[in-house]
Amino acid sequence: MKQRIKGKKILITGGAGFIGSNLSEYFLEYNTVRCLDNLSTGYKRNVEHLITNPNFTFIESDVLDMESCVAATKDVDLIYHQAALGSVPRSIAEPLNTNSNNITGFLNVLEACRLNGVKRFVFAASSSTYGDSLDLPKVEENIGAPLSPYAVTKYVNEMYASVYSKLYGIETIGLRYFNVFGRRQDPNGAYAAVIPKFVDLMLKNDSPVINGDGHQTRDFTHIDNVIQANELSGLVDNSDALNTVYNVACGESISLNDLFIIIKESLKEFDPAVSNLVPVHGPNRVGDIRDSLASIEKANIKLGYTPEMKLKDGIEKSIPYYLKSLNDKISF
């Protein structure tokens with residue numbers, strides 16, 4: 001039987017966002033969950049169905065508000081820090097805003113964790129930390145120079161976590177997410193992730209834009225794999241597995257051109273017209289890495305992480321959510 005975290009008081013920052021709302025829903029089954037979110041990129045509707053649960057508390061506040069961070073972390077056993085201003089392009093357009101949210105906000109929660117004696121702090125790190133490194137697959141101990149302000153902030157998060165572990169004894173684990181996709185991921189806006197954006201456009205019979213030649217590769221990771229990695233990070237009690245970072249991915253890469261083909265094949269049964277679509281190629285996107293493929297050996301050995309949802313199955317599982325979003329004319 002799968003081991004589950006049970007009977008804990010858990011704080012999830014950014015808990016109304018894409019990843020955070022999935023974690024909130026999952027952990028609420030056996031735990032008491034507090035969700036802190038300022039709703040700048042998350043949506044209250046993502047957790048609306050949880051609010052009537054007496055074991056769930058929604059706190060509309062900001063990680064930049066230190067007083068709120070201290071209050072939210074009081075009497076908490078475990079923190080999942082997901083709050084951040086995501087997107088490489090947005091960080092290039094808004095470096096100061098990205099810095100304050102992702103570094104000052106991160107430090108506020110970490111310091112509140114110290115002040116309230118919270119034992120474990122699991123946080124969303126990023127594959128962007130690998131920067132200009134050309135090594136494949138990406139191994140946690142070998143990174144390059146950052147290519148964007150966003151990448152800088154996520155690397156600084158890792159350094160702060162390491163310092164707080166050494167100085168204050170907080171058990172920290174950073175999870176370097178690789179191109180996460182799935183239910184409740186927003187297809188709208190200038191900074192939407194590639195899979196929901198492709199699906200949303202194709203269901204509207206529009207051709208998606210692929211930046212560059214489309215031969216760049218990514219290691220796409222379904223949200224269910226991310227949930228698994230977060231739970232394992234909360235459960236692990238081997239000291240050798242703590243105070244470090246892990247790749248969270250499938251360990252498989254695919255080009256954006258091939259991704260388009262897979263999505264088109266998956267959508268044909270819902271709308272045969274997508275068969276006629278071809279992608280439009282645009283300019284390369286500033287700050288993007290060319291290729292991405294994760295080694296998941298470290299997470300497998302130390303956490304027991306084995307991705308259960310592969311790309312094609314994950315896309316097929318996600319399409320009903322995308323269809324509902326389109327029919328309801330709302331983001332999911």
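Laboratory data are not the source of any read-out in this text; all were calculated from the coordinates shown. Quick caveat: nothing in here was measured; it's all calculated off a predicted structure. Here the Cβ positions follow ideal geometry from the backbone for every residue, glycine too, while neighbour counts run over all protein chains shown.
Picking from Glu141, Glu316, Glu297, which is most flexible by a Gaussian network model of the chain using Cα springs under 10 Å?
Looking only at Glu141, Glu316, Glu297, the biggest GNM fluctuation is shown by Glu141.
Give me P(r) over the chain, computed from all C-alpha to C-alpha distances, binned every 10 Å, as integer percentages.
Per 10 Å bin, starting at 0, the Cα pair percentages come out as 6, 27, 36, 24, 7, 1.
Using r as the Cβ-Cβ distance of Leu167 and Leu323, and R0 as 41 Å, what FRET efficiency do you calculate, to the nearest 0.05?
0.25
Relative contact order for the chain: what is it in percent, counting Cα pairs under 8 Å that are at least 6 residues apart?
It comes to 17 percent, rounded to a whole number.
For the stretch 183-332, what relative contact order do you get, as a whole percent, if you take Cα pairs closer than 8 Å and at least 6 residues apart?
Worked out over the stretch 183-332, it gives 39 percent.
Between Leu242 and Asn300, what length comes free when the chain is fully extended (0.36 nm per residue of separation minus the Cα-Cα distance, one decimal in nm)?
In short, 19.5 nm is gained.
Multiply the residue separation of Lys204 and Glu60 by 0.36 nm, subtract the distance between their alpha-carbon atoms, and state the gained length in nm to one decimal.
That works out to 48.5 nm of additional length.
What is the Cα radius of gyration of the stretch 250-308 over 2.2 N^0.38 Å, N being its residue count?
With N residues counted in the stretch 250-308, Rg over 2.2 N^0.38 Å equals 1.58.
Kindly give the semi-axes, whole Å and largest first, of the ellipsoid equivalent to the stretch 1-156, taking each as the square root of 5 times a Cα gyration tensor eigenvalue.
So the three semi-axes of the stretch 1-156 are 27, 18, 15 Å.
Go ahead and set up a Gaussian network model of the chain, Cα springs under 10 Å, then flag whichever of Ile79, Ile319, Ile301 fluctuates most.
The residue with the greatest mean-square fluctuation here is Ile301.
Name all residues of the stretch 89-113 having a backbone nitrogen under 13 Å from the label point set 7 Å from the Cα of Arg285 along its Cα→Cβ direction, giving them as ranges.
Under cut-off, by backbone N: 89-93.
Go ahead and run the numbers for FRET between Asn257 and Arg114, Cβ-Cβ distance against an R0 of 56 Å, rounding to 0.05.
0.75
By counting other Cβ atoms within 10 Å of each Cβ, how are Met159, Met66, Met309 ranked from fewest to most?
Met159, Met66, Met309
Between helix 149-168 and the chain, what is the angle of the helix's C-alpha long axis to the longest principal axis, kept within 0 to 90° and rounded to the nearest 10?
20
Trypsin sites (Lys or Arg not before Pro), restricted to the stretch 1-47: which are DSSP loop and have at most 15 other Cβ atoms within 10 Å?
Lys2, Arg4, Lys6, Lys8
Under a point spin-label approximation (7 Å from Cα along Cα-to-Cβ), what is the Thr52-Lys8 distance to one decimal in nm?
2.8
Under the 0.36 nm per residue contour assumption, what length would be gained going from the current alpha-carbon distance of Glu29 and Asp213 to full extension?
Residue separation times 0.36 nm, minus the Cα-Cα distance, leaves 61.8 nm.
In the neighborhood of Met309, defined by Cβ-to-Cβ distances under 12 Å, what is the net charge if each Lys or Arg adds +1 and each Asp or Glu adds -1?
Residues close to Met309 contribute a combined charge of -1.
Helix-derived [θ] at 222 nm for the chain: sum -39500 (n - 2.57) over DSSP H runs of at least 4, divide by residue count, nearest 500?
-11000 deg cm²/dmol
Please go through the stretch 254-288 and write out the trypsin sites (Lys or Arg not before Pro) that DSSP classes as loop and that have at most 14 other C-beta atoms within 10 Å.
Lys268, Arg285
Restricting attention to the stretch 181-234, which trypsin sites (Lys or Arg not before Pro) occupy a DSSP loop and are surrounded by at most 15 other Cβ atoms within 10 Å?
The qualifying sites are Lys204.
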